[in-house]
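Below: one structure, written as structure tokens.
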Amino acid sequence: MMAAATPPDQAARTGASRTSASRTDADAPTAGASVSGNAGAPRVNPLQRLWLREIGMERLWLRQEPAAPSRPAAAQAQQPASAPAAGAGPAAAPAAPAALAGAPAAAKASPAAAPAAAPAAAVRSGPPPRPPARTREASPDPAPAPTPAEVAERVRDASLEELSAQVQACTACGLCHGRRHAVFGHGGQPTRWMVIGEAPGEQEDRQGLPFVGRSGQLLDAMLASVGMSRERDVFIANVIKCRPPGNRNPKPEEIAACSPYLMRQIALLKPERILVVGRFAAQTLLGTDATIGNLRGRIHRFKDESGREIPVVVSYHPAYLLRSPSEKARAWQDLRLACSQL
Ligand code: SF4
């Protein structure tokens, strides 16, 4: 599941950002103590000095400036070696723009706010903090997720390429937040068979391709045993295009949001057969809660958008076959059934 950050990553980044902000806030009074104990003469930091120079007040203002008092040890400990001290004299001033990149521009944009904003920046330890990564959750005005009806309307006249692009950009359900890649599907055309599974797993999410890893290798071997190839004449897709966290079962609302894509894929590819693997995919496609044992061994019919009936054969998911090799004999029977003249 683009390269969106996972919730823990986001939480970590958000936490780091808060920590940084808190430290800046806590440090601000130290640097912002711009009045020295000497006759009220102001002590300025490099940014303030730049700003005073900008408005032609530097000489007038700094004429009263006393020697910089030594700072408390705690405040000095926070000062980076490369950053000028808040009360440093003129020799330190030229280094300020580099250490506070971006701050002068902000000061010019809002002169009244500059003296207040500058001290907080001047005591920042380390490089300027990056702005927190923008996430959909943090977006100030996130676009509302489209409804299944809106998704169905968008995909109605889409070509396969357009449909793939829509899936990559889809935000119709919450699974978009955790995905690295939306997995549209992959295979040869014209499509003789369509293989439909449940949802991307971790490897599929990483690679953006369906059925990779060991279960993908087993599926390829099963297809090859009956003369079929995903590169040539089999298109492989899933009911759900984005990985559910922890490989949990997709929720009904996620299935409803995503199913227009699968329906459009089937209508565009016009497969001669559909081999649906795994209980969840079979139940979803056939609209039943029957067990896979009850669904196997016979031909079902799926009616596509145009009313065309496509024979459907149900079999085990390759991942299940890897755990239960003794069931491979039944899977072989299923493949033979799919090869028969239906
Ligand atoms: S799972 Fe389907 S509906 Fe949900 S965001 Fe991904 S593509 Fe869109």
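FYI, it's all coordinate maths here, none of it is from the lab. Worth saying up front: this structure is predicted, and the values here are computed from it rather than measured. Every residue, glycine as well, gets a Cβ built from its backbone with ideal geometry; the counts of neighbours run over all protein chains shown.
Using the Karplus relation 6.51 cos²θ - 1.76 cosθ + 1.60 with θ = phi - 60°, the per-residue 3J(HN,Hα) values for region 294-305 come to 7, 8, 6, x, 8, 8, 9, 10, 10, 9, 7, 4 Hz, with x marking Gly and Pro. Ordering Pro244, Ala221, Leu275 by the projection of their Cα atoms onto the charge dipole of region 219-279, which places +1 on the Cβ of Lys and Arg and -1 on the Cβ of Asp and Glu, puts Pro244 at the extreme positive end. When Met263, Met222 are arranged by Cβ crowding within 10 Å, least crowded first, meaning fewest neighbours, the order is Met263, Met222.
Taken about its Cα centre, region 148-339 carries a charge dipole of roughly 540 debye when the Cβ of each Lys and Arg holds +1 and the Cβ of each Asp and Glu holds -1.
The GluC sites (Glu not before Pro) of region 214-273 that DSSP puts in a loop, and whose beta carbon has at most 15 other beta carbons within 10 Å, are Glu231, Glu272. Note: relative contact order over region 264-342, using C-alpha pairs below 8 Å and six or more positions apart, is 33 percent.
Annotation: peptides 146-154, 209-217, ranked by per-residue average of other Cβ atoms within 10 Å with the highest first, follow the order 209-217, 146-154. Given their separation in residues at 0.36 nm each and the Cα-Cα distance between them, Ser159 and Arg298 gain 46.8 nm when the chain is fully extended.
In this label model, Ala143 and Val226 are separated by 4.1 nm, measuring between points 7 Å along each Cα→Cβ vector. Across region 269-276, computed HN-Hα scalar couplings (Karplus, 6.51 cos²θ - 1.76 cosθ + 1.60, θ = phi - 60°) run 7, 6, x, 6, 9, 10, 9, 9 Hz from first to last residue, x flagging Gly and Pro.
Across region 188-201, computed HN-Hα scalar couplings (Karplus, 6.51 cos²θ - 1.76 cosθ + 1.60, θ = phi - 60°) run x, 9, x, 8, 7, 10, 10, 9, 10, x, 8, 7, x, x Hz from first to last residue, x flagging Gly and Pro.
Each of Asn249 and Ala267 was given a label point 7 Å from its Cα along the Cα-to-Cβ line. The distance between the two points is 2.9 nm.
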